[in-house]
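This is the structure I want to talk about, given as structure tokens.
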Amino acid sequence: MHVLEALGVALLGFIHSVSAHGYLKSVEVNGVSYLAWQVGQDDYLTPEPARYVRRIHDNGPVPDFTSKDITCNVGGNIPAKGVVPVNAGDKVKLKWDQWGSSHSGPVMNYLADCAGSCANFKGDTGTPWVKFDQMAYDTTKTPPWGSDFLAKQGASWTVTIPNIKPGEYILRHEILGLHVAGTRMGAQFYPACVQIKVGGSGTKSLPAGVGLPGAYNPDDKDGVLVQLWQVNQGQTNYTAPGGPVRTI
């Protein structure tokens, strides 16, 4: 292969890799759409627009998922200006700008109680994050990976708000891409933090959760440091990181 041809192939591979990334673009509840931080646009707007998802730096994964960047993605974990109104039992549709099916892995959803106001809450210490929804690798579904299922649904995922007491919470929605997870620290986490205000008459408090950072171990051979092809071929089982889904 000539040098120029090789460079062309490498460039196309790079472009494909970047284009396969994605970010949460909007949130829809009861027919109303609420914009997330618009990557590549909102950083240049003055005044800063009101958004409902905490800002992120770009559409790539968190480089170091053992750092505080894993809490709400790279972007400073700055509270959003808006809060999405929901009630217990509402369905929340989380819509991505795109998602490539080559980035197979689980989809995980957490809640954290902001203890009053999300304007004063970061969630990067302690164990506030409760996993309430997830699809990892389920051979009874087509396709079996959560992220591929999300792609099949038009790059969207829908969760139902549990019967929790009124207040402000962060709904943390995340895709984990495992396509290069066979290398230590190669797992690609894409978290997004949606600020919500739960109304209604729910009475339940969130149970004990996990820490983010803290819950994702780079040496976890069941869920993080894995060879995707081995799971796909049935050579090994897969267990998503972050613990099991909690009943709320």
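Just so it is clear, none of the values below were taken in a lab; they were calculated from the coordinates. Note that the structure is a prediction, hence the values are computed from the model and not measured. Using ideal geometry, Cβ is built from the backbone for each residue, glycine included, and neighbour counts are taken over all protein chains shown.
Which of 237, 170, 160 sits farthest toward the positive end of the charge dipole of the chain, with +1 on the Cβ of Lys and Arg and -1 on the Cβ of Asp and Glu?
After comparing all options, I get 160.
Please list 3J(HN,Hα) in residue order for the stretch 99-106, calculated via the Karplus relation 6.51 cos²θ - 1.76 cosθ + 1.60 where θ = phi - 60°; whole Hz, with x for glycine and proline.
Result, rounded to whole Hz: 7, x, 5, 6, 8, 5, x, x.
Around residue 162, with a cut-off of 13 angstrom between Cβ atoms, what is the net charge of the other residues, counting Lys and Arg +1 and Asp and Glu -1?
Local net charge: +2.
Starting from the Cα-Cα distance between residue 165 and residue 42, subtract it from 0.36 nm times their residue separation and give me the gain in nm to one decimal.
Separation in residues times 0.36 nm, less the Cα-Cα distance, equals 41.0 nm.
Among all the lysines, which ones have a C-alpha under 16 Å from residue 141's C-alpha, if same-chain residues fewer than 8 places away are not counted?
In chain and number order, the partners are 152.
One quarter of the convex hull surface, Cα atoms only: what value does that give for the stretch 103-248 in nm²?
Working: hull surface 35.6 nm².
That works out to 8.9 nm², a quarter of the Cα hull's surface.
Compute the whole-percent fraction of alpha carbon pairs in the chain spaced more than 23 Å apart.
Result for the distance tail: 49 percent.
I'd like the trypsin sites (Lys or Arg not before Pro) in the stretch 160-204 restricted to DSSP loop residues with at most 12 other Cβ atoms within 10 Å, sorted by number.
Answer in residue order: 184.
Can you tell which of 217, 182, 114 lies farthest toward the positive end of the dipole of the chain, using +1 and -1 charges on the Cβ of basic and acidic side chains (Lys, Arg; Asp, Glu)?
Looking along the dipole axis, the top candidate is 114.
I'd like the distance between the alpha-carbon centres of the stretch 107-123 and the stretch 138-194, rounded to an integer number of Å.
17
Mind checking the dipole of the stretch 21-232: about its Cα centre, +1 per Lys or Arg Cβ, -1 per Asp or Glu Cβ, Debye to the nearest 20?
440
Across 5 Å bins from the origin, how do the percents of Cα pairs in the stretch 60-113 run, short distances first?
4, 11, 16, 27, 22, 14, 6
Which angle between 0 and 90 degrees, to the nearest 10, do you get for helix 3-19 versus the longest principal axis of the chain when only C-alpha atoms count?
Its long axis makes an angle of about 20 degrees.
If a/c stays under 1.5 just call it rounded; otherwise compare a/b with b/c (prolate if a/b is bigger, oblate if not). Do that for the stretch 94-160, with a ≥ b ≥ c from the square roots of the Cα gyration tensor eigenvalues.
It comes out prolate by the Cα gyration axes.
Oh, and also: Give the aspartates and glutamates whose C-alpha is closer than 19 Å to that of residue 95, dropping any in the same chain fewer than 8 places away, or say none.
Partners found: 28, 42, 58, 133, 148, 174.
Checking the table 131/204; 25/93; 68/93 against a 19 Å threshold on Cα-Cα, which pairs fail?
Details: 131/204 15 Å; 25/93 11 Å; 68/93 26 Å.
Cα-Cα > 19 Å for 68/93; rest within.
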